[in-house]
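Beneath this line is the structure, given in structure tokens, with notes to follow.
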Amino acid sequence: MKKHLVVMEWIHATLIFALFIPFVYGLCMFTPPEGTAPFYLKCLLVAVPVAVTKIAADRVRTLGAYLLVCAALFTVIYGVIAGVPRLMGQDGSAELPVNCYRVCMLAETAIIAVIRLADRIKRKRYEARKETDPLALYRESFLDRPSLSNGYFITMYIAGILFNAKLLCDIALFSAIVYLFLALAYTFFRTTEHYLMLNKRTKGIPAKRLYAVSGGMLCLYAVLLLAVILPSFLLIKARRYTDVREWFTDMPLAPGDYEGNFNFQTSGGNAGGMSQFFMDVGEPSKLSMIWEVLFWGLSVACIIACVYAVVMAIKKIFRDFRRDLDENGDKIEELEKKTGGRRIVMTAREQDSETIRIKRLYKRTIRKHRKDRPAAYESPAEIEEKAGLAEDAAMQTLHEDYERARYGKQRNLYAE
């Protein structure tokens, strides 16, 4: 697998595990003293065990060597999260949020190491089973396959809303946007490489041109997607939160007090916390004029950029089809025919019909002089030799025409 795809898989696993610590902070109602951005950077330290365990699981040969690498990694992670702050005079070991971060980071390292080991065992069993069952399927680990249908980040964002955790919502929103473009790029590269692998033995579009055209459409789609996502950043302050832990705290034990005259007297207490979530608590705060101008300006700029990109892409496509040289520097000649000294450029339909006519004439000639059906691996020269036409002059001319028509080489046809 290419290196850029491996790096994308590492980023995919890092973004998934980096949300675990903010989720724990949201449940425990902790607030990092350093702020959201520095705290998220500390959570991204999980990228180190993600990459190291992947390399170790792919390259080490014994279980003991893998466990030794994991033990060294565990020691290094603990030294970074505990020793570095102590050297900087910011120990904070007595603070509960600091200890929570350290425990969660070490737990994530251990979990990743166990998952990598399980994937290694599963891959070895698959390789052994494939020898007896060629149709056996291998399911990739969730750490090695970014997907556009991953709803993990949306779930975390909703959890932040329900547990009144602004920290978790902000980190989940940013991670979801980064992950969306990451999965889009990963799917693009994997799909394109799969297409090229299936069509490597057939005549088709060159790889560079295929990547250029499909990459241009991917960038255009990414710009449109970014324009749709942009309002979510501008409306962060207008986000409403609730806390499911307080929904049932104020509910009375009984719906009313029973009296002897068979009437019910309702308990006129305050509404519960759950009703506060569904009640209209007023309009959200409005954006300032600066944000509105910025939002509309960016929206108009995105629309202009999209229109400009579409126009330039169309112009580039027409220019590619009109140019005389391909990606390899070979000259592209037009398929033409001459009649009486006049140069007549053949249309695409005429080219196709001429190619079909040559192939049909060649097959009819072979069937006329050969009774058995040619094998799929036989070349045209071998087919003609077994048909007894190897020395025939007319067959040599037809042989040249057939090879040009079959293998797609450009040539000039002259009308007689």
Here FRET efficiency (C-beta to C-beta, K359 to D144, R₀ 51 Å, nearest 0.05) is 0.65
Ranked output for segments 19-32, 296-309, 213-226 by mean other Cβ atoms within 10 Å, highest leading, reads 19-32, 213-226, 296-309
If N is the residue count of the stretch 1-145, its Cα Rg over 2.2 N^0.38 Å rounds to 1.21
In whole percent, the fraction of accessible protein surface over the stretch 98-140 that belongs to carbon or sulfur atoms, probe radius 1.4 Å, stands at 63
Most packed first (mean Cβ within 10 Å per residue), the peptides 117-125, 166-174 order as 166-174, 117-125
Of 138-148, 363-373, ordering from highest average Cβ density within 10 Å down gives 138-148, 363-373
hull vol. (C-alpha, convex hull) per residue for the stretch 109-161, Å³ -> 94
Given a Förster distance of 35 Å, the FRET efficiency implied by the Cβ-Cβ spacing of L294 and K3, rounded to the nearest 0.05, works out to 0.35
Taking N as the number of residues in the stretch 145-234, the ratio of its alpha carbon radius of gyration to 2.2 N^0.38 Å works out to 1.42
To the nearest Å², the heavy-atom accessible area per residue of the stretch 145-232 with 1.4 Å probe amounts to 56
Label model pair E34, F233: point-to-point distance (7 angstrom along the Cα→beta-carbon line) in nm is 2.3
Computed over the stretch 36-111, protein heavy atoms only, probe 1.4 angstrom, the accessible area per residue in square angstrom equals 55
Per the stretch 75-200, sqrt(5λ) over the Cα gyration tensor eigenvalues, sorted largest first, in Å, gives 37, 23, 14
The alpha-carbon center of the stretch 22-56 and that of the stretch 208-238 are separated, in whole Å, by 27
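The values are calculated or read from the model by the stated rules, or taken from the named source; none is laboratory data. It should be emphasised that the depicted structure is a prediction, and the values quoted were computed from it without experimental measurement. Ideal geometry is used to build each Cβ from the backbone, glycine not excepted, and the neighbour counts take in all protein chains shown. Surface accessibility is based on the protein's heavy atoms, side chains included, excluding ligands, DNA and RNA. Shrake-Rupley method; radii C 1.70, N 1.55, O 1.52, S 1.80 Å.
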